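Asker: Sharing a structure below in structure tokens format, with a few things to ask.
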Amino acid sequence: MLDITLLRKDLAHVVSRLDKRKSPQPFLDVERFSALESERRTIQTRTEELQARRNSLSRQIGQLKAKGEDTATAMVEVSGIGDELKASAERLDGIQSELWALLMAVPNLPQEGVPVGPDEAANLEVRRWGTPRAFDFAPKDHVDLGAPLGLDLDLGARLSGSRFSFLRGPIARLHRALAQFMLDVQTQQHGYTECYTPYIVNREILEGTGQLPKFKDDMFWVSRGGDESQPEQYLISTSEISLTNSVRQSVLAASDLPIKLTAHSPCFRSEAGSAGRDTRGMIRQHQFDKVEMVQITHPDHSDAALEEMVGHAEAVLQQLGLPYRVMLLGTGDMGFGAARTYDLEVWVPAQNTYREISSCSNCEAFQARRMQARFKNAQGKNEFVHTLNGSGVAVGRALVAVLENGQNADGSITVPQALRPYMGGTAVLRP
């Protein structure tokens, strides 16, 4: 969440930066925020006056008692002050709760230099790697290529409904090989610590990374046999959630930073806002796998860490020989918690276009403030860490790209050299 001090000092500046995400900004109820802040200041001023008066009366009562004089009048006033202070404290708690709720719905502020625009049209291409292959035959899409290799979308739909898939045999092994390869790249080449995390988390964990409360409809909720006494829980939409929250309510030593974590996990998304989009195949699924990267850094180093993380995702695609481009997202296309985001888009021949396969973001202190994740700075004071996350990369979309870019005229698939050790040396998958 945003630093409330920043809003108190220069609300107009914050609103102007939110306007860059969407104008006029719909995120913060400025009138309500201002009213609550005005009431808060009035109550705090009155509280200070009452506390000073109570202290003065307490001294008077002591003096009266020392002289053996009547203290009843002073005691009545002290009692009245106590009642008012209690009521003020309760109202302040209510105001703080309302302010918290307002801020929980406000996205991060975009960094300077992020392209300004309401949607993806503002995204800026930074660079490209590789040249899309020119086929001497009509290329098939991953659905037609995958079916003879064990991709069964009909069975996935019968088991779980639309946007689920069932993999068996060669394509299941290729899927597993991709995940193992990606983990090895991030752990062995880039120094991330491999983790295995829960796939179900409590509500406050999702609040920490910003999925709740705003994006509740995008999550799958979990019920423990209808037991309402159990905590509110959800399936993770990315292991960023559990990895980032591993430093929740912590005070780290500066020497602990940076912390670099990676995990392979399934991800569960309701895709509430994607009706009618990518209904064919594996591009947009309710359940998919991803290898995630997370870094917890010193604030001075997070911008450099973001560039590094993008390179770590690029390394996966380069070693697989998959053409891609890097896009700097505009203000209207960035995620809720991001201050700056790069997307990697891989070439998908059947669609004759690039599709997102990784998103890498610097969230600065936005998530850390929600999680109360801090470190001890050089002055010995607690300061919020910066958090970053990125896909390294989405396994299902990598599978799509490997199938389509590696296809041959007979329907076989040439396995990228980097994957062959994970495939028992297999160089070609044949129907």
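Asker: Taking only pairs six or more apart or across chains, which ones have beta-carbon atoms under 8 Å, a first residue in region 159-177 that is in the same structural domain as Lys290 (by TED's automatic domain parsing), and a second residue that is at pLDDT 95 or above and of a type in the set (Phe, Trp, Tyr)?
Answerer: Here the result reads Leu159/Phe166; Arg176/Tyr422; Ala177/Tyr422, each pair linking region 159-177 to a residue that is at pLDDT 95 or above and of a type in the set (Phe, Trp, Tyr).
Asker: Further question: Give just the number: which of (1) in a loop (DSSP other than H, G, I, E, B); (2) crowded, with 17+ Cβ neighbours inside 10 Å does Leu103 not satisfy?
Answerer: Going through the list (1) in a loop (DSSP other than H, G, I, E, B); (2) crowded, with 17+ Cβ neighbours inside 10 Å, Leu103 breaks only (1).
Asker: Taking the stated definitions as given, is Ala87 at pLDDT below 95 and either within 30 Å of Asn405 (Cα to Cα) or aliphatic (A, V, I, L, M) (or both)?
Answerer: Working: at pLDDT below 95: yes; either within 30 Å of Asn405 (Cα to Cα) or aliphatic (A, V, I, L, M) (or both): yes.
Against the criterion (at pLDDT below 95 and either within 30 Å of Asn405 (Cα to Cα) or aliphatic (A, V, I, L, M) (or both)), Ala87 qualifies.
Asker: Is it true that some residue in region 63-84 is in contact with a strand residue (DSSP E or B) (Cβ under 6 Å, 6 or more places away or on another chain) and either surrounded by 12 or more Cβ atoms within 10 Å (Cβ to Cβ) or assigned by TED's automatic domain parsing to the domain that holds Val326 (or both)? Let's see the steps before the verdict.
Answerer: Quick first cut of region 63-84, residues in contact with a strand residue (DSSP E or B) (Cβ under 6 Å, 6 or more places away or on another chain) only: none.
The answer is no, given that none of the residues of region 63-84 is in contact with a strand residue (DSSP E or B) (Cβ under 6 Å, 6 or more places away or on another chain) and either surrounded by 12 or more Cβ atoms within 10 Å (Cβ to Cβ) or assigned by TED's automatic domain parsing to the domain that holds Val326 (or both).
Asker: Among the residues of region 1-35, what is the count of those that are part of a helix (DSSP H, G or I) and either under 16 Å from Met334 (Cα atoms) or in contact with a Phe, Trp or Tyr (Cβ under 8 Å, 6 or more places away or on another chain) (or both)? Full working, then the answer.
Answerer: Kept after step one, since they are part of a helix (DSSP H, G or I), are these residues of region 1-35: 4-9, 11-18, 30-35.
Keeping just the survivors that are either under 16 Å from Met334 (Cα atoms) or in contact with a Phe, Trp or Tyr (Cβ under 8 Å, 6 or more places away or on another chain) (or both) gives 7, 11, 17-18.
Of the residues in that region, 4 qualify.
Asker: Considering each of Ala350, Ala373, Ala315, Ala368 in turn, give the residue that is in contact with a helix residue (DSSP H, G or I) (Cβ under 9 Å, 6 or more places away or on another chain), within 19 Å of Val185 (Cα to Cα) and small (Gly, Ala, Ser).
Answerer: Numbers: Ala350 fails: within 19 Å of Val185 (Cα to Cα); Ala373 fails: within 19 Å of Val185 (Cα to Cα); Ala368 fails: within 19 Å of Val185 (Cα to Cα).
Matching residue, one of Ala350, Ala373, Ala315, Ala368: Ala315.
Asker: Let me ask something else about it. For region 419-431, enumerate the residues that are assigned to a helix (DSSP H, G or I) and over 16 Å from Leu399 (Cβ atoms).
Answerer: Hit for region 419-431 is Pro421, nothing else.
Asker: Here's a follow-up. How many residues, within region 42-62, are farther than 24 Å from Asp29 by Cα, among the aliphatic types (A, V, I, L, M) and surrounded by 12 or more Cβ atoms within 10 Å (Cβ to Cβ)?
Answerer: Here the count works out to 3.
Asker: I'd like to know if region 406-418 contains one or more residues that are out of contact with any strand residue (DSSP E or B) (no Cβ under 8 Å at 6 or more places or on another chain), part of a helix (DSSP H, G or I), surrounded by fewer than 21 Cβ atoms within 10 Å (Cβ to Cβ) and among the hydrophobic types (A, V, I, L, M, F, W, C). So that I can check it myself, show each step before the final result.
Answerer: First, the residues of region 406-418 that are out of contact with any strand residue (DSSP E or B) (no Cβ under 8 Å at 6 or more places or on another chain): 409-411, 416-418.
Now narrow it down to the ones that are part of a helix (DSSP H, G or I): 417-418.
Subset that is surrounded by fewer than 21 Cβ atoms within 10 Å (Cβ to Cβ): 417-418.
Imposing the further condition that a residue be among the hydrophobic types (A, V, I, L, M, F, W, C) reduces the set to 418.
The answer is yes, given that some residue of region 406-418 is out of contact with any strand residue (DSSP E or B) (no Cβ under 8 Å at 6 or more places or on another chain), part of a helix (DSSP H, G or I), surrounded by fewer than 21 Cβ atoms within 10 Å (Cβ to Cβ) and among the hydrophobic types (A, V, I, L, M, F, W, C).
Asker: Please verify whether region 243-263 includes one or more residues that are touching a residue at least 60 places away in the same chain (Cβ under 8 Å), of a type in the set (Ser, Thr, Tyr), within 27 Å of Ala147 (Cα to Cα) and surrounded by 13 or more Cβ atoms within 10 Å (Cβ to Cβ).
Answerer: Within region 243-263, none of the residues are touching a residue at least 60 places away in the same chain (Cβ under 8 Å), of a type in the set (Ser, Thr, Tyr), within 27 Å of Ala147 (Cα to Cα) and surrounded by 13 or more Cβ atoms within 10 Å (Cβ to Cβ).
Asker: For region 220-236, enumerate the residues that are buried (at least 20 other Cβ atoms within 10 Å of the Cβ) and either part of a loop (DSSP other than H, G, I, E, B) or under 11 Å from the mean Cα position of the chain (by Cα) (or both).
Answerer: Correct list: Ile236 only.
Asker: With (1) modelled with pLDDT of 95 or more; (2) on the phi > 0 side of the Ramachandran plot as the list, and Gly281 as the residue in question, which single condition is left unmet?
Answerer: Answer for Gly281: the failing condition is (1).
Asker: Related question: Please specify each residue of region 143-158 satisfying the condition of being of a type in the set (A, V, I, L, M), under 24 Å from Gly425 (Cα atoms) and in contact (Cβ under 8 Å) with a residue 12 or more places away in the chain.
Answerer: As a first pass, look at region 143-158 and keep what is of a type in the set (A, V, I, L, M): 143, 145, 147, 149, 151, 153, 155, 157.
Okay, now just the ones that are also under 24 Å from Gly425 (Cα atoms), so 145, 147, 149, 151.
Residues satisfying the conditions are Leu145, Leu149, Leu151.
Here's the yes/no breakdown for (1) of a type outside the set (A, V, I, L, M); (2) assigned by TED's automatic domain parsing to the domain that holds Tyr199; (3) touching a strand residue (DSSP E or B) at 6+ places or on another chain (Cβ under 9 Å):
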residue: Ile283; (1), (2), (3): no, yes, yes
residue: Lys290; (1), (2), (3): yes, yes, yes
residue: His298; (1), (2), (3): yes, yes, yes
residue: Ala305; (1), (2), (3): no, yes, yes
residue: Met309; (1), (2), (3): no, yes, yes
residue: Pro323; (1), (2), (3): yes, yes, yes
residue: Phe336; (1), (2), (3): yes, yes, no
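The values are calculated or read from the model by the stated rules, or taken from the named source; none is laboratory data. In this text, all values refer to a predicted model and were calculated from it rather than measured experimentally. Here Cβ is always computed from backbone atoms with ideal geometry, including for glycine, and neighbour counts include all displayed protein chains.
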